[in-house]
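K.L.:
I have a structure I would like to understand better, so I am pasting it below and will then ask my questions one at a time.
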Amino acid sequence: QVQLVESGGGLVQAGGSLRLSCIVSGRNYPMGWFRQAPGKEREFVAAISWSGGNTAYADSVKGQFTISRDNPKNTVYLQMNSLKPEDTAVYYCAARRPTSVIRVWTSPHEYDYWGQGTQVTVSS
């Protein structure tokens, strides 16, 4: 069973930064970050191909968040800068079954494994 463990969430003031990490018990999974605010559906944030060469972002976080990965460490990161109160949510990392195709996936339905989530709260 694939396991994903997120860390790095917390409380930060508006304009601050956080870096989320997700350790995966395996290699070469296409990965994504999603978030879910209270009363809202889970939404796509960012995705990265298994090679790290392809990335995608939601329009709402482009230029603000950066996704990256360190494959020898089986870790994916989400660097979040200039945080806003509307970024407050539980952030989840997700993995898709390994594939030789180098691309990204942006729908939560396209991912097979999920972490437990980490809370990010941005105060105004």
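The values are calculated or read from the model by the stated rules, or taken from the named source; none is laboratory data. Model, not experiment: these values are computed from the prediction. Cβ atoms come from the backbone with ideal geometry, glycine included; neighbour counts cover every protein chain shown. Just the protein is used for accessible areas: all its heavy atoms, side chains included, with ligands, DNA and RNA removed. Shrake-Rupley method; radii C 1.70, N 1.55, O 1.52, S 1.80 Å.
K.L.:
Just want to confirm a number: the relative contact order over the chain, from Cα pairs under 8 angstrom separated by 6+ residues, in percent.
P.N.:
37 percent
K.L.:
Which residue, chosen from 120, 89, 66, occupies the Cα position most advanced towards the positive end of the dipole of the chain, where the dipole is computed from +1 (Lys, Arg) and -1 (Asp, Glu) charges on Cβ about the Cα centre?
P.N.:
Of 120, 89, 66, it is 66.
K.L.:
Taking 1 over the mean of 1/r across every pair of different Cα atoms in the stretch 19-61, what Kirkwood radius in Å do you get?
P.N.:
It is 11.7 Å.
K.L.:
DSSP beta bridges in the chain, what fraction antiparallel, as a percent rounded to 5?
P.N.:
Approximately 90 percent, going by the DSSP bridge assignments.
K.L.:
Restricted to Cα positions, what overall size does the stretch 1-73 have along the principal axes? Three whole-Å values, descending.
P.N.:
The Cα atoms of the stretch 1-73 stretch 34, 24, 24 Å along the principal axes, largest first.
K.L.:
Another question, if that's okay. Whole number please: convex hull volume per residue of the Cα set in the chain, in Å³?
P.N.:
Value for the chain: 92 Å³ per residue.
K.L.:
Using a simple charge model, +1 on the beta-carbon of Lys and Arg, -1 on the beta-carbon of Asp and Glu, nothing else, what dipole does the stretch 5-117 show about its Cα centre, in debye to the nearest 20?
P.N.:
My answer is approximately 260 debye.
K.L.:
Moving on to the next point. Accessible area of residue 102, 1.4 Å probe, to the nearest 10 Å²?
P.N.:
90 Å²
K.L.:
Turning to a different aspect of this structure: Figure the gain on full extension for residue 84 and residue 103 (residue separation times 0.36 nm, minus the Cα-Cα span) and round it to one decimal in nm.
P.N.:
3.9 nm
K.L.:
Compare 27, 42 by solvent-accessible area with a 1.4 Å probe and give them largest first, with all protein chains kept in place.
P.N.:
Sorted descending by solvent-accessible area, the residues read 27, 42.
K.L.:
Stretched out fully, how many nm does the piece from residue 28 to residue 3 gain, at 0.36 nm a residue minus the Cα gap?
P.N.:
7.6 nm
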